[in-house]
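These notes concern the structure reproduced below.
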Amino acid sequence: MDVRPEGLDPLTGVGQGHNELSQPLSFERHGIDRIPEEKRNSTPWTWFIICAGSSFTLGSVVYGWLPIAFGLGFWASITSMTAGIFVGLIPIAPLIVIGSRTATNNSTSSGAHFGVRGRLIGSGIGLALVLLGMVITIWSSGQVLVAGASRLFDTPTGNGALALAYLALTALSALIGVYGYHLLVRTTLVLTVFGTITVLLMPLAVAGDLNVGYQGGNYILGSFTATWLLSALSVGVGGVMTAATVVGDWSRYVSSRRYPPRRFLPIALLAVVVSYVIPMGIGTLVTTAFAHPDAPFPQSLITAVPGWYAVLLLPMALLGGLGWSAGMVYSAGLDLSAIATRLTRAGSTTIMSVVGLVIVLGGSLLWNASDALSAISLILLAVSAPWAAIIGVGYLRHRGQYLQDDLQVFNRRERGGRYWYTGGWNLAAVAAWVSGCTFGLLAVQTTLYVGPLANIAGGVDVSFAGSFVIAGVLYPILEALLARVSRPVVTAPEGS
């Protein structure tokens, strides 16, 4: 039943103070606990704002540079990324709406299928994914900030300047992340406007040198097909899946009573397409204007753009990256507090900010960006794809119905409940996930690591599809075979 408060706009949810932006700005006191229904004032368009504001950043634009760095031409880069993004909608769809059903984040929600202790798998995956997103954004924004300031004001460009830039970006991201969801929404609303304008102006700044007929260079994996699939998976699907655990952090404030999936999901999927296709596509287009397209994107961008756009890049580097990096820091705090339940959300967020800064500082001096980012994305995809498949199959089998209170058993350090399974673990889901991961890691083909089964399909990378299908098919089969140990044990949680 579509329950809608009287006077509430049927599309946007605006009216009579029933939306997030009409509420007073306040410090978020909720972590991974269940959000009370009366405080779930976000709408599908709030979710759209956060997704778009987080994505129209340098970090997303840099993703569009990767296919060119792999050796693909312009149109091959565009088609591979777009195909991958649309494929990524399949596993991300249930991960978007499950948070609105459970009123908690995706890692905790996964306890319905993995067990209230087994959902630690989701927390671990979430930490790895959000750290990757945070590192990409702070690295790219910091590089542009330092290079842009040097061009305009002749300031230093060495490691000391980079360290200060990374520190400033991390500190601002941590401030937003610690304050919480309500500040994050308002920050990303502003950044949506600023980031969109700045990103859309980027091709105009280098219009005279754009080359949509760019044919590419040497294929990083030796052949067109293998390299095209590498781009589709690591950039397209992998880009979308970096938000696999994050999307529930935003949707848990969207009430499924007011906005059931049939109203929420179309707007959310539109947000994903817009937020990934446009900035990544612009990144690819702008890269064709560089003298050396395969060189690191931040420095090439600063060199190629005219002075008027270099001026815009400074606030973009400082502010434009905050939407995504702050969102990643915020989500990292939630994932860590889901593992270390005695930590507060604010404390966990602070810890993860420091961890992210250390990774950025170390990585910026040690890694080859295109090789490292694509390899890490593919490896994480091989791990997260089977997890997402189990969540999706489980969501369909449960018909989106969950016992919200029983999902919080582990967080309260109790036992029992609908999702206790066997000692807090659903062995069928864990076994299906391990099987999918194993295949994915054995079949993955990256620039740094090639699995022994990488050529199982004649050079076509089937690591994502294989791991996703294997886990999704095995999960219900294993539950049936292991019915005695995987059937939920319905008992009252201790202490209740």
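The values are calculated or read from the model by the stated rules, or taken from the named source; none is laboratory data. Computed from a prediction, not measured in an experiment: that's the story for all the values here. No Cβ is skipped: glycine too gets one built from the backbone with ideal geometry, and neighbour counts run over all protein chains shown.
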(message) Could you tell me how many of the residues in segment 260-275 are modelled with pLDDT of 95 or more and of a type in the set (Ser, Thr, Tyr)?
(response) 0
(request) Count, please, the residues in segment 109-146 that happen to be farther than 30 Å from GLN401 by Cβ, surrounded by fewer than 24 Cβ atoms within 10 Å (Cβ to Cβ) and of a type in the set (Gly, Ala, Ser). (result) 0
(request) Check segment 288-304 and report whether any residue there is at pLDDT 85 or above, under 25 Å from the mean Cα position of the chain (by Cα) and crowded, with 20+ Cβ neighbours inside 10 Å. (result) yes
(request) Could you list, in sequence order, all residues of segment 442-479 that are within 20 Å of ILE220 (Cβ to Cβ) and touching a Gly at 6+ places or on another chain (Cβ under 6 Å)? (result) ALA443, VAL444, SER463
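Residue-by-condition table, conditions (1) surrounded by fewer than 19 Cβ atoms within 10 Å (Cβ to Cβ); (2) touching a residue at least 40 places away in the same chain (Cβ under 8 Å); (3) part of a helix (DSSP H, G or I):
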| residue | (1), (2), (3) |
| --- | --- |
| PRO24 | yes, no, no |
| PHE27 | yes, yes, no |
| HIS30 | yes, yes, no |
| ARG34 | yes, yes, no |
| GLU38 | yes, no, yes |
| CYS51 | no, yes, yes |
| SER54 | no, yes, yes |
| SER60 | no, yes, yes |
| TYR63 | no, yes, yes |
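Residue by residue through segment 413-440, note down the ones that are in a helix (DSSP H, G or I) and either within 21 Å of ILE32 (Cα to Cα) or of a type outside the set (A, V, I, L, M, F, W, C) (or both).
Of segment 413-440, the ones in a helix (DSSP H, G or I) are 427-440.
Within segment 413-440, SER435, GLY436, THR438, GLY440 qualify.
Filter the helices (runs of 4 or more DSSP H) completely within segment 214-288 down to those with at least 2 residues that are touching a residue at least 24 places away in the same chain (Cβ under 8 Å) and closer than 23 Å to THR196 by Cα. I'd like the intermediate steps shown before the answer.
Details: elements: 224-231, 238-241, 247-251, 261-287.
The qualifying helices (runs of 4 or more DSSP H) are 238-241, 247-251, 261-287.
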(request) Report, by residue number, each residue of segment 221-244 that is touching a Ser or Thr at 6+ places or on another chain (Cβ under 6 Å) and modelled with pLDDT under 90. (result) LEU221, SER234, GLY238, MET241, ALA244
(request) Sort out which residues of segment 196-254 are polar (S, T, N, Q) and closer than 30 Å to GLN445 by Cα, and write them in order of number. (result) ASN211, GLN215, ASN218, SER223, THR225, THR227, SER231, SER234, THR242, THR245
(request) Go through the residues of segment 180-199 one by one and say whether even a single one is closer than 28 Å to VAL329 by Cα, over 20 Å from the mean Cα position of the chain (by Cα) and surrounded by 15 or more Cβ atoms within 10 Å (Cβ to Cβ). (result) yes
(request) Scan segment 13-61 residue by residue and report those that are in contact with an Asp or Glu (Cβ under 6 Å, 6 or more places away or on another chain), among the small types (Gly, Ala, Ser) and at pLDDT 85 or above. (result) SER42
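Surrounded by fewer than 21 Cβ atoms within 10 Å (Cβ to Cβ) and touching a residue at least 60 places away in the same chain (Cβ under 8 Å): is that true of LEU396 in this structure? So that I can check it myself, show each step before the final result.
Numbers: surrounded by fewer than 21 Cβ atoms within 10 Å (Cβ to Cβ): yes; touching a residue at least 60 places away in the same chain (Cβ under 8 Å): yes.
Yes, satisfied.
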